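Reading through the structure tokens given below for one structure.
The values are calculated or read from the model by the stated rules, or taken from the named source; none is laboratory data. This one's a predicted model, so the numbers in the text were calculated from it and none came from an experiment. Because the Cβ atoms are built from the backbone with ideal geometry, glycine has one as well, and the counts that use them run over all protein chains shown.
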Amino acid sequence: MEKTLSLTMRSDLLNLFFPFFQQGVAIKTTVGCSIKTWLFGHISITPEYMARRIQTIFLDGKAVDEIDAAVIRDGSTIALSGALPGLVGATLRRGGTYASLRSSITHPVDKEFVPQKEGWVIVKLFNLLVPELSPLFLAQGFWIKGQDLEEFFKRQTEEFWAGCISARLDGREVDLKTLKEIKWPPNKELVLLKVIDNHN
């Protein structure tokens, strides 16, 4: 069974959710499309932001140079990063001068047809993209095991709960005391977690 939990949080507390994105979060999205189509069409990242901020992209562990030729598949892992320091950063940078030095870990041009459909992907964010893009993905929602969510809530301080403006479970408002005490079933039940900045 799948449930949806929507939290409206104080802006300065959104960073408590950032570690999820460094570990990787599961989202349902369109697969069978290029990285370019996914970023611009489905995630709503602008070409200008892409050019200025997203310097390194990994798809299933391979560095991507041609974003319009790398196709996302069901179960893919997509990692996005800003500029990385030093020679390693220069080598991994998308379309950079030193890209030829990493030919063995460069994502090949996809020539196989992959039909578009709804599927699952894992999204990871690194360095400056964590605070910049996490709020976007938080508002759209990501999937988390109920027990992992329960453990996350157990670790939070009173400041977190004081900064939680409202909570809705499956569309119905729930008080915070009830939310803190929910015992999720000991299985892989998934929760779609949405976290919205109260200034939006």
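Structural remarks
- Failed item, numbered, when GLN22 is tested on (1) loosely packed, with under 15 Cβ neighbours inside 10 Å; (2) polar (S, T, N, Q); (3) under 23 Å from ASN198 (Cβ atoms): (3)
- Scanning the range 172-188 for residues that are among the hydrophobic types (A, V, I, L, M, F, W, C) and not in a loop (DSSP other than H, G, I, E, B) yields LEU176, LEU179.
- Considering the range 173-200, the residues that are among the charged types (D, E, K, R) and within 24 Å of ALA26 (Cα to Cα) include one that is modelled with the lowest pLDDT, namely LYS188.
- Inter-residue pairs, beta-carbon under 8 Å, first at positive phi and in contact (Cβ under 8 Å) with a residue 12 or more places away in the chain and in the range 181-200, second surrounded by 14 or more Cβ atoms within 10 Å (Cβ to Cβ) and hydrophobic (A, V, I, L, M, F, W, C), 6+ apart: none
- Within the range 40-57, no residue satisfies the criterion of being buried (at least 18 other Cβ atoms within 10 Å of the Cβ) and touching a Pro at 6+ places or on another chain (Cβ under 9 Å).
Conditions (1) touching a Phe, Trp or Tyr at 6+ places or on another chain (Cβ under 8 Å); (2) among the polar types (S, T, N, Q), marked per residue:
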| position | (1), (2) |
| --- | --- |
| LEU128 | no, no |
| SER134 | yes, yes |
| LEU138 | yes, no |
| ILE144 | yes, no |
| ASP148 | no, no |
| ARG155 | no, no |
| GLY163 | no, no |
| ASP175 | no, no |
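- Test: GLU118 is in a helix (DSSP H, G or I) and farther than 21 Å from ASP12 by Cα: no
- The residues of the range 189-199 that are surrounded by 10 or more Cβ atoms within 10 Å (Cβ to Cβ), assigned to a loop (DSSP other than H, G, I, E, B) and not polar (S, T, N, Q) amount to a single one, GLU189.
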